[in-house]
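The values are calculated or read from the model by the stated rules, or taken from the named source; none is laboratory data. Everything numeric in this text was worked out from a predicted model, so none of it was measured. A quick note on method: Cβ atoms are made from the backbone with ideal geometry, for glycine too, and the neighbour counts reach across all protein chains shown. Heads up: the accessible areas ignore ligands, DNA and RNA and are worked out on the full protein's heavy atoms, side chains in. Shrake-Rupley method; radii C 1.70, N 1.55, O 1.52, S 1.80 Å.
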Amino acid sequence: MGGKHEGGSLMSCLLSRLSAIVAGVFLLSGCGDIFPPSPKTVCITGYNQYERQFHKFRLDEENRSGCGGNPSGRDGRGIYGGGGGFVCGCRVTPGKEVSLYWVFAQNKAEYTAKVPEVRHDVRVVIPQPESSSSRYLRVFFMKNGAPQLQWVDSMGAPEIVPPTEGGFL
């Protein structure tokens, strides 16, 4: 014995141990994320396909992500309103399902008459970043009620094309 191994027994021993480690990793991965996705700090902006301006929107408010905004309404000249301002420093986790809500702005008459706010609440999954250098997260509020999220490396990247008119609410 004394540290000597016969023929291929050292290699066999190493391969056996490596196989056990790999098998352990696969078994543990069935118990949940071994390496859960890490949060990313991003700048977020909203694009609004509705004609009506938003009072506010919030993404992942339950975890106090700091993501939100108030995009203007579409004015008829473009596909979207908004997209001009950013909120930076918010934290999101790719692959995680989170809440997204938006509230439409009220005009003075609606506010004075105490008309209830029009609010929409949905669950969305934070998509995977476009690349490791993605810093911007765009939230597109489509008139069909199904928001879409898009990571981009540059704000010059193409915008998501909305569904056809027949899909609008």
**OP:** Show the residue pairs that are 6+ apart or on different chains and have beta-carbon atoms under 7 Å apart, the first residue being within the stretch 39-55 and aromatic (F, W, Y), the second being in a strand (DSSP E or B) and open to solvent by 10 Å² or more (accessible area, probe 1.4 Å).
**Re:** Y47/G82; F54/F104
Subject >> Matching option when the condition is at pLDDT below 90 and of a type in the set (A, V, I, L, M), among V103, V92, V115, V87 >> reply: V87
Original post:
What is the number of the single condition among (1) modelled with pLDDT of 90 or more; (2) under 19 Å from the mean Cα position of the chain (by Cα) that S65 does not meet?
Top reply: (1)
**OP:** List every residue pair whose Cβ atoms lie under 7 Å apart, where the two residues are 6 or more positions apart in sequence or sit on different chains, the first residue falls within the stretch 120-139 and is of a type in the set (S, T, N, Q), and the second residue, located anywhere, is assigned to a loop (DSSP other than H, G, I, E, B) and open to solvent by less than 20 Å² (accessible area, probe 1.4 Å).
**Re:** Q128/P94
Original post:
From the residues in the stretch 49-73 that are over 19 Å from E159 (Cβ atoms) and charged (D, E, K, R), which one is least open to solvent (accessible area, probe 1.4 Å)?
Top reply: D60
Original post:
strands (runs of 3 or more DSSP E) wholly in the stretch 86-151 with at least 2 residues that are crowded, with 17+ Cβ neighbours inside 10 Å - which ones?
Top reply: 87-92, 97-104, 136-141
Subject >> Considering residues of the stretch 74-85 that are over 18 Å from F57 (Cα atoms) and touching a residue at least 24 places away in the same chain (Cβ under 8 Å) only, the residue least open to solvent (accessible area, probe 1.4 Å) >> reply: G76
